[in-house]
Amino acid sequence: MSKLGEQAEECARLLRQSRSAALLSGAGMSTAAGIQDFRGPQGLYRQLGVDEPERLFDIRHFLLDPSDFYEFHARFVELVGRVQPTRAHRFFAELESRGKLRGIITQNIDSLHQRAGSKNVLEIHGGIWQSTCLRCGKLYDLDRATRLMELQGVPHCESCGGPLKPDVVFFGEAVKHLEECRRLAEQVDLFFVAGSSLVVTPAAVLPALCPGRIVVVNRGELSHAFLPPERIALLVEEDIDTFFDAVRAALGW
Ligand code: CNA
């Protein structure tokens, strides 16, 4: 049997034994959908022509001048609107509906897990589906904020004229739902990491909070700084869709 086949069989065995699992997903989960990771050779920064990514997502720079960010954001929103969830997004939605997956922690801001049908999704870096007026706190859904963005470039509040900011976590801001993410990791006996280099903290420390086994599916850069080696059941250096297709087959679905 091929290495892929063996790892898929082992993953299926771990899933059958598990009472409840969780997933931490990163940018690699959405590359097959057409949304690239940020810094890779095909990365979004290059694809959308961004020169200074750190400055773009720095909250201090956004507060001084949000126009650079919105130039990037308009193109990102348009891209997200065009793509569809991947087979792996759908596999994890199915795991949840079959009662095997307790929840997903995602570092992604593209809402593709929810669009695939997943219900319990903790967006630790926020999402683009809602924006907030920085002056009066009024909330805007994505459609309304996008219309204002198309009209004005930098969208402003219809009530008070303050600038809007999407509810995405910028560098220099606190992450969201951290306590819930920690509790989820502590409560499951199997923890998947898919498409994350585990470089960005605090998301990267979450797998180690799971008292059970860890399955990592990632092709390319991966930091082991926060991964307890004795609890890694599988380290799969494969394409995510290819691997979870094989797991689905091994489960007989
Ligand atoms: P990352 O640090 O870019 O890591 C992604 C990892 O996935 C890399 O090691 C890649 O080599 C690997 N990878 C890419 N494609 C595949 C594939 N098909 N199969 C297997 N492995 C693959 O991204 P992280 O998410 O870990 O952390 C960085 C930032 C980037 C997070 O805050 C994300 O929110 C943010 N981001 C989000 C999106 C999105 O919402 N889709 C897109 C780009 C960046």
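The values are calculated or read from the model by the stated rules, or taken from the named source; none is laboratory data. Worth saying up front: this structure is predicted, and the values here are computed from it rather than measured. Backbone-built Cβ (ideal geometry, glycine too); neighbour counts: all protein chains shown. To get the accessible areas, we keep the full protein, side chains included, count just its heavy atoms, and leave off ligands, DNA and RNA. Shrake-Rupley method; radii C 1.70, N 1.55, O 1.52, S 1.80 Å.
Mind checking which of VAL200, VAL215, VAL188 has the largest fluctuation in a GNM of the chain, springs on alpha carbons under 10 Å?
Residue with maximal mean-square fluctuation among VAL200, VAL215, VAL188: VAL200.
Once you keep just the Cα pairs under 8 angstrom separated by 6 or more residues, what percentage relative contact order results for the chain?
Relative CO of the chain lands at 24 percent.
Can you give the accessible area of GLU221, probe radius 1.4 Å, in Å² rounded to 10?
Rounded to the nearest 10, the figure is 130 Å².
Could you pull out the trypsin sites (Lys or Arg not before Pro) across region 102-174 that fall in loop regions by DSSP (anything but H, G, I, E, B) with no more than 12 other Cβ atoms inside 10 Å?
Working: sites: ARG102, ARG115, LYS119, ARG135, LYS138, ARG144, ARG147; in loops: LYS119, ARG135, LYS138.
Filter output for region 102-174: LYS119.
Calculate the dipole size of region 173-221 relative to its Cα centre from +1 charges on Lys and Arg beta carbons and -1 charges on Asp and Glu beta carbons; express the result in debye to the nearest 20.
Once rounded to the nearest 20, the dipole reads 120 debye.
So what is the 222 nm mean residue ellipticity for the chain from helices alone, if each DSSP H run of at least 4 adds -39500 (n - 2.57) and you divide by all residues, rounding to the nearest 500 deg cm²/dmol?
Estimated from H runs of four or more residues: -10500 deg cm²/dmol.
Positive end of the charge dipole of the chain (Lys, Arg +1 and Asp, Glu -1 on Cβ, about the Cα centre): tell me which of VAL77, VAL193, ALA33 has its Cα farthest that way.
VAL193
Can you list the residues, at least 5 places off or on another chain, whose amide H is less than 5 Å from the amide H of TRP129, using H built in the peptide plane?
Here the answer is none, since no amide H 5 or more places off falls under 5 Å of that of TRP129.
For region 147-218 and region 1-39, what is the separation of their C-alpha centers, rounded to whole Å?
After rounding, the separation between the Cα centres reads 19 Å.
With springs only between Cα atoms under 10 Å, which of CYS133, CYS11, CYS210 fluctuates most in a Gaussian network model of the chain?
CYS133
Determine the per residue accessible area of the chain with all protein chains present and a 1.4 angstrom probe, expressed in square angstrom. Can you show the working numbers first?
Details: 11910 Å² over 253 residues.
About 47 Å² of surface per residue is accessible.
Enumerate the lysines that LYS119 could reach by cross-link, defined here as Cα to Cα under 26 Å, with residues fewer than 8 away along the same chain left out.
Leaving aside lysines fewer than 8 places away in the same chain, those within reach of LYS119 are LYS100, LYS138, LYS165, LYS176.
Based on the Cβ-Cβ distance from HIS177 to MET1, what FRET efficiency comes out when R0 is 45 Å, to the nearest 0.05? Before the final figure, lay out each step's value.
Working: r = 40 Å, r/R0 = 0.89.
With a Förster radius of 45 Å, E is 0.70.
In the Gaussian network model of the chain, springs joining C-alpha atoms below 10 Å, which of PRO85, PRO229, PRO163 carries the largest mean-square fluctuation?
PRO229
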